[in-house]
Each structure stands twice: as structure tokens, then as C-alpha cells.
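Enquirer: Take a look at this one; I'll ask things after.
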Amino acid sequence: GMHGTIAAFHRLAGIMPESMEVVGWDHLGLDERAGVPRKMEDIVAPISQAEIQNGLDREAPVHVFGFCVGGVLGQAVLHQLAPRNGRLVLLDAHPAEAVALIPRWRRCLGIAKAWKVAMSGGAVERRLVRIGVCQLHALARHRTRPIDADLTLFRSGAPLSFGPLAKEHWNPHARTVEETVFSDLGHTDLFRCGQEQRITEAFAAA
């Protein structure tokens, strides 16, 4: 997502099927010595290339999970790793094209609120907001390319900043789309409340 680090997903990784190797990627640019990526391709390409160089088995299925803005990144990574058997699992994630539907004033207001919260935190919080703002601008220029893979879409019951989200928004971008709504959960409650087991079955579906 736009904020937070892979530490938020440690509990999810711990309850994944034992047959799966779990790999987590943190925000590129979180290290202050590195630049913050300005394009989606500058985020996706290093991840895909590194996985291949690290010996990713071309015959092994790849299941990619993305939360919020991370859903667009996950979809793009799976596109670059094709062709291979795999599945995309998303939580509260919009295709990139949804960003263009957000009024400019709403985007500016959201960025201002994020900076206000970050200023009361530390250097990491400010760095994360800077990365998030760059991601938001990158999303506005990105075009989601279809993948030949099945997509499982989970939705919380929270109203989302990027407007309404439903199955039909992802239909053009994946082979099939299944949608499940958790009306009792807010945007981050799956992780805050230890409810990760509600989505683990989707990873073993392919």
C-alpha cells in the first residue's frame, strides 16, 4: 500500500501454506540513500528482474498479493513474470485507471492530510508519505495491462479514498475475477485485528 512496510504482513506470511515460499518486497526508495521511483516501471522492473535472477522457477506457480496501491504493483509484476501459472490476490485495490477518476481537489486534500500526520512522526513516516505521493503521481500515468491469470478480489466494508470498487473494475485486466466482501472490516482491520486467515485459502486456489 501507500503507507506502511512489509512488517505489516509478517503474520500473513506466517500462516501461508507450508508448501509455499513467501517473498516480501518493501518500498523501493525507503532507504534514504536511494532515490524514490517516479514511474511504475521503475518499481516493477527491479522486483521482477531480481526474482528471476534469484532463481525463480519458471515452472512454479507465482501467487502475488497486493493491498491498496500495492494491488496495481502486484498486477504489473505478474504481467512481467508471464507466462506462468499464477494467481493475483488483492485487498481493497483499484486498477491504476481509477486514480484518474479522483477529483484533483480530493487528491490534494488527501496528500495534505498525509503530510500533516507524517510531520508529527519521524523520518520513516515522512519518507513513506513522500514515496506514497510519488506512487500516486505514477499511478495517474500508468495503464493496467491484462494478465492471463485468475484474480481474487477482497473488499473491506470501508469507503475507499479512490472511489467505489467492484469486480467489474478488474474484469478487463485478468482472466477471471472472484470477489468477496468483508462488510465487517475496515480498510486495515484485516491486519490490525489478526484476521489474515480469511484470505489465505485464495493463495492455494491455483
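Enquirer: How much net charge surrounds F182 when only the other residues with a Cβ under 10 Å from the Cβ of F182 are counted, with Lys and Arg +1 and Asp and Glu -1?
Expert: Numbers: positive: R155, R198; negative: D92, D184, D189.
After counting each charged neighbour, the total is -1.
Enquirer: With +1 on each Lys and Arg Cβ and -1 on each Asp and Glu Cβ, how big is the dipole of the stretch 1-147 about its Cα centre, in debye rounded to the nearest 20?
Expert: On the way: 18 positive and 13 negative charges, 176 e Å.
Result for the stretch 1-147 is approximately 840 debye, rounded to the nearest 20.
Enquirer: Also, I was wondering about something else. In deg cm²/dmol and to the nearest 500, what is the mean residue ellipticity at 222 nm of the chain if only DSSP H runs of at least 4 residues count, each as -39500 (n - 2.57), divided by the residue total?
Expert: Computed mean residue ellipticity for the chain: -10500 deg cm²/dmol.
Enquirer: Give the shape of the chain as rounded, prolate or oblate, defined through the alpha-carbon gyration tensor: a ≥ b ≥ c are the square roots of its eigenvalues, a/c under 1.5 means rounded, and otherwise the shape is prolate if a/b is larger than b/c and oblate if not. List each step's numbers first, then the result.
Expert: On the way: a/c = 1.37, a/b = 1.25, b/c = 1.10.
It comes out rounded by the Cα gyration axes.
Enquirer: What is the set of long-range amide H partners of T144 at a cut-off below 5 Å, with H atoms built 1.01 Å from backbone N?
Expert: Hits under the 5 Å cutoff: A96, E97.
Enquirer: How would you classify the stretch 1-67 from its alpha-carbon gyration tensor, with a ≥ b ≥ c the square roots of the eigenvalues: rounded for a/c under 1.5, else prolate if a/b is greater than b/c, otherwise oblate?
Expert: Because a/c hits 1.5 or more and a/b fails to exceed b/c, the stretch 1-67 counts as oblate.
Enquirer: Given springs between every Cα pair under 10 Å in a Gaussian network model of the chain, which of A112, A158, A45 has the largest fluctuation?
Expert: Of A112, A158, A45, the most mobile in the Gaussian network model is A112.
Enquirer: Would you please classify the overall shape of the stretch 89-206 from the alpha carbon gyration tensor, given that a ≥ b ≥ c denote the square roots of the eigenvalues, rounded means a/c under 1.5, and beyond that prolate means a/b larger than b/c while oblate covers the rest? Mind showing how you got there, number by number?
Expert: Details: a/c = 1.99, a/b = 1.36, b/c = 1.46.
Oblate, because a/c is 1.5 or more while a/b does not exceed b/c.
Enquirer: When the Debye formula is applied to the Cα atoms of the stretch 17-117, each taken as the same point scatterer, what base-10 log of I(q)/I(0) results at q = 0.13, 0.15, 0.25 Å⁻¹?
Expert: Relative scattering, expressed as log10 I(q)/I(0), comes to -0.58, -0.74, -1.51.
Enquirer: Filter the trypsin sites (Lys or Arg not before Pro) in the stretch 115-206 to those in DSSP coil with at most 10 other Cβ atoms within 10 Å of their Cβ, and list the result.
Expert: In loop regions of the stretch 115-206 (DSSP not H, G, I, E or B), the sparsely surrounded trypsin sites (Lys or Arg not before Pro) are R143.
Enquirer: For V177, enumerate residues with amide H under 5 Å from its amide H, sequence gap 5+ or separate chain, H modeled in the peptide plane.
Expert: Placed amide hydrogens put L151 under 5 Å from V177.
Enquirer: Test of the criteria: in the stretch 1-64, which trypsin sites (Lys or Arg not before Pro) are in a DSSP loop and have at most 10 other Cβ atoms within 10 angstrom of their Cβ?
Expert: Numbers: sites: R11, R33, R38, K39, R58; in loops: R33, R38, K39, R58.
Those satisfying the criteria are R33, R58.
Just so you know, all these numbers are worked out from the coordinates, no wet-lab data involved. This is a predicted model, so every value here is computed, not measured. All Cβ positions, even for glycine, are placed from backbone atoms using ideal geometry, and neighbour counts span all protein chains on display.
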